[in-house]
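Okay, here's the structure, questions in a sec.
The values are calculated or read from the model by the stated rules, or taken from the named source; none is laboratory data. As the structure is a computational prediction, the values presented were derived from the model and not from experiment. Cβ: placed from backbone, ideal geometry, glycine included. Neighbour counts: every protein chain shown.
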Amino acid sequence: MNFREAAPRRLSHILCIGIPVRDMTFHVQGLPGRGFKIGAERFEEIAGGNALNAAVAISRLGGRAAFCGPMGDAGETSSRYIFDKAAELGIAMQDIVHMPGLVTPISSVMIDPGGERTIITFRDPELWKVHLPDTERLLAHCDAILVESRCAPFCTDLCTEARRRDIPVVVDIDSAMPMRGGLLTASSHLIFSSEALQATAGTNDDATALRTLAGFTSSFLAGTRGPQSTLWLDANGELQEAPAFPVHTVDTLGAGDVFHGAFALAMTENQEVPTALRFASAAAAIKCTRFGGAFACPQRSEVEAFLKEAAPTSA
């Protein structure tokens, strides 16, 4: 018997940095016109936010996730709700920073019959004045960092130090970011949504945008495109494509975040990039078939079974 192979796999420890959100989700037949009222067919209250969703995915897929970032006052209801929901999955929340007198972000999310979501979010600008806990404590035993790009004002120094220690830093980018400095260079992996990719590079073509950004950073670059394939640049700067998986979509809320969490976990497990992207795509695809935001992320065994049978598509 090979005892090395039989030994339990060490769980990857990933620090997720972001601003959590309390999502109020309404399933509707269509979006209301200006000044109109409509009824919802289903309602769910979910703990969300990009990095927290990724932490949920990491936990459900077999990793260890810790969360760090600002929340509202410790006494307000949203803070307590999110803290309790994350704790149920074993996500370490001791490095949350409660901001006295502030409100934890809250979103109204409308999901149509095709699973597409429309979101309105309130985030108090004062949350960005947070000071994160001690760097040494945060990076101790940390195998990787996953961070929301919107958190650059308060986490870039931490990410720079992580890179100095050769700790991977995966950045989830869902809006335009500066072309120089910041997380663009304090990272190892930059994963853009298509919209954010094009807005950052100033072009309406994903492939052109990736090549443009490659001139400003040495980080791995990829652009996710929902139900279409993910485009990425290999070590030689060549454009590659990771196919998506066709599924019956009922809820896209949190799917991109599940992708990022799964990818970060795969990277800490030393999976090759094509394999890691396929794993992440499968996890996100399964999540889209279920209601419940990122908390509907599949277990790892489900992803592995799905990958054995599912056929990807680049369309």
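Test of understanding: among 239, 231, which residue is more than 13 Å from residue 283 (Cα to Cα) and touching a Ser or Thr at 6+ places or on another chain (Cβ under 9 Å)?
That would be 231, the only listed residue that is more than 13 Å from residue 283 (Cα to Cα) and touching a Ser or Thr at 6+ places or on another chain (Cβ under 9 Å).
Follow-up question, since we're still on this one. Within region 179-196, can you find the residues that are buried (at least 17 other Cβ atoms within 10 Å of the Cβ), in contact with a Lys or Arg (Cβ under 9 Å, 6 or more places away or on another chain) and not in a helix (DSSP H, G or I)?
If the condition is that a residue be buried (at least 17 other Cβ atoms within 10 Å of the Cβ), in contact with a Lys or Arg (Cβ under 9 Å, 6 or more places away or on another chain) and not in a helix (DSSP H, G or I), then 186, 187, 188, 193 are the ones that fit.
Something else about it: I'm trying to understand the selection: among the residues of region 235-278, which are surrounded by fewer than 23 Cβ atoms within 10 Å (Cβ to Cβ), under 30 Å from residue 24 (Cα atoms) and free of Cβ contacts under 8 Å to residues at least 60 places away in the same chain?
Answer for region 235-278, where residues must be surrounded by fewer than 23 Cβ atoms within 10 Å (Cβ to Cβ), under 30 Å from residue 24 (Cα atoms) and free of Cβ contacts under 8 Å to residues at least 60 places away in the same chain: 247, 248.
Could you please find all residues in region 128-161 being within 19 Å of the chain's Cα centre (by Cα) and polar (S, T, N, Q)?
Within region 128-161, 149, 156 meet the criteria.
Among what's in region 106-159 and is among the polar types (S, T, N, Q) and touching a residue at least 60 places away in the same chain (Cβ under 8 Å), pick the residue that is farthest from residue 93 (Cα to Cα).
My answer is 118.
Ok, one more. Assess whether residue 193 counts as being under 18 Å from residue 51 (Cα atoms) and in contact (Cβ under 8 Å) with a residue 60 or more places away in the chain.
Judged against the criteria, residue 193 is a match.
Wholly within region 64-178, which helices (runs of 4 or more DSSP H) include no fewer than the required count, namely at least 1 residues that are surrounded by 15 or more Cβ atoms within 10 Å (Cβ to Cβ) and touching a Lys or Arg at 6+ places or on another chain (Cβ under 7 Å)?
By residue number, 77-88, 135-139.
Then there's this: Please go through region 162-194 and give me each residue that is at positive phi and at pLDDT below 95, ordered by number.
The answer is 181, 182.
Restricting to region 296-315, name every residue that is surrounded by 21 or more Cβ atoms within 10 Å (Cβ to Cβ) and more than 10 Å from residue 58 (Cα to Cα).
296, 298, 303, listed by residue number.
Filtering region 1-29 down to residues that are out of contact with any strand residue (DSSP E or B) (no Cβ under 9 Å at 6 or more places or on another chain) and assigned to a loop (DSSP other than H, G, I, E, B), which residue is modelled with the lowest pLDDT?
Only one residue fits best here, namely 1.
Can I ask one more? Return a yes/no flag: does region 279-291 have any residue that is surrounded by fewer than 24 Cβ atoms within 10 Å (Cβ to Cβ), closer than 20 Å to residue 85 by Cα, touching a residue at least 12 places away in the same chain (Cβ under 8 Å) and under 18 Å from the mean Cα position of the chain (by Cα).
The answer is yes, given that some residue of region 279-291 is surrounded by fewer than 24 Cβ atoms within 10 Å (Cβ to Cβ), closer than 20 Å to residue 85 by Cα, touching a residue at least 12 places away in the same chain (Cβ under 8 Å) and under 18 Å from the mean Cα position of the chain (by Cα).
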